[in-house]
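Novice: Have a look at this one before I ask anything.
FYI, it's all coordinate maths here, none of it is from the lab. Note that the structure is a prediction, hence the values are computed from the model and not measured. Positions of Cβ are backbone-derived with ideal geometry, glycine not excepted, and every protein chain shown enters the neighbour counts.
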């Protein structure tokens, strides 16, 4: 089955390209708040960051089908010595938007990912109480749901086509709230200066919370991992990204590049460039978007 994918180069606080209740699953990772490695200094203040998250949560609620899932990979952030409670604040924001809080999965990175840092090493220099500042190997995957899901709404043939691999489910311990996954390692060519999550994260979420042919949304697309994995798994996808410089990276990573051909050659990627002046959301979308359609041609 051919799949369709859409890349919108624009701000996801206004997802006017999407109709109400048109999305079956959201899997995303918002920017780290003012991290030096991810949209550095993009937000004036922490309140500004939370306002952005609030606007996106409202849009996600609008476009989500009833009963469906949002998986939000997010974590607290240490900036200039101050720790910001992003997980707690994001949870409240999405609940206030109308979602039910369903679960929290903890993503554990490999033990060898971190060595003793300047932060945790303080105790080595001062081996006394009150000098303990731990390094973090964990991130949160918050699971929210819009109302209740009608399990009878899925045809039996689609249920069978979308079965979860039970062997993988058990061997990889998907059934736990602790998922051990290797992060994107430094030096990855397509993720240079991008805080991308590994393919394994959307692979698990898409398998567990969507059916083949459904639509997956990532409002913070980054390098395009969600489109790539959605395509691998026979799902349609939509991604929003504010950094237009990432467009060629997204095309290469998701297989919509002349250099790389993967999966179904009838798959389509639509690329929408918003006109300047549209991002404030106040013009009612009067200006016409620039639309580019990329298809894989038979060799």
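Novice: Using a Förster distance of 51 angstrom, determine the FRET efficiency expected from the C-beta separation of residue 109 and residue 156, and round it to 0.05. List each step's numbers first, then the result.
Specialist: On the way: r = 39 Å, r/R0 = 0.77.
Efficiency computed from Cβ-Cβ geometry: 0.85.
Novice: Additional query: Of all the C-alpha pairs in the stretch 210-252, what % are more than 12 Å from each other? Walk me through the numbers on the way to the answer.
Specialist: On the way: 493 of 903 pairs.
So the pairs more than 12 Å apart make up 55 percent of the total in the stretch 210-252.
Novice: Further question on the same structure: Along the three principal axes, how long is the stretch 17-103 when you take its alpha carbons, biggest first, rounded to the nearest angstrom?
Specialist: Between the extreme Cα coordinates on each principal axis of the stretch 17-103 lie 41, 28, 19 Å.
Novice: Could I ask something else about it? In what sequence do 49, 101 fall when counting other Cβ within 10 Å, fewest first? Please report the intermediate quantities before stating the final value.
Specialist: Numbers: 49 21, 101 13.
The fewest-first ordering by Cβ neighbours comes to 101, 49.
Novice: Hey, with R₀ at 22 Å, roughly what FRET efficiency would residue 88 and residue 45 work out to, going by the Cβ-Cβ distance, to 0.05?
Specialist: Working: r = 18 Å, r/R0 = 0.80.
Efficiency, from the Cβ-Cβ distance: 0.80.
Novice: Can you figure out the FRET efficiency of residue 100 with residue 243, using R₀ = 30 Å and their beta-carbon distance, to the nearest 0.05? Please list the in-between numbers first.
Specialist: Working: r = 32 Å, r/R0 = 1.07.
FRET efficiency, residue 100 to residue 243: 0.40.
Novice: Evaluate the relative contact order of the stretch 108-180 (contact order divided by residue number), counting alpha-carbon pairs under 8 angstrom at least 6 apart; express in whole percent.
Specialist: Working: 33 pairs, mean separation 25.2, N = 73.
The value is 35 percent.
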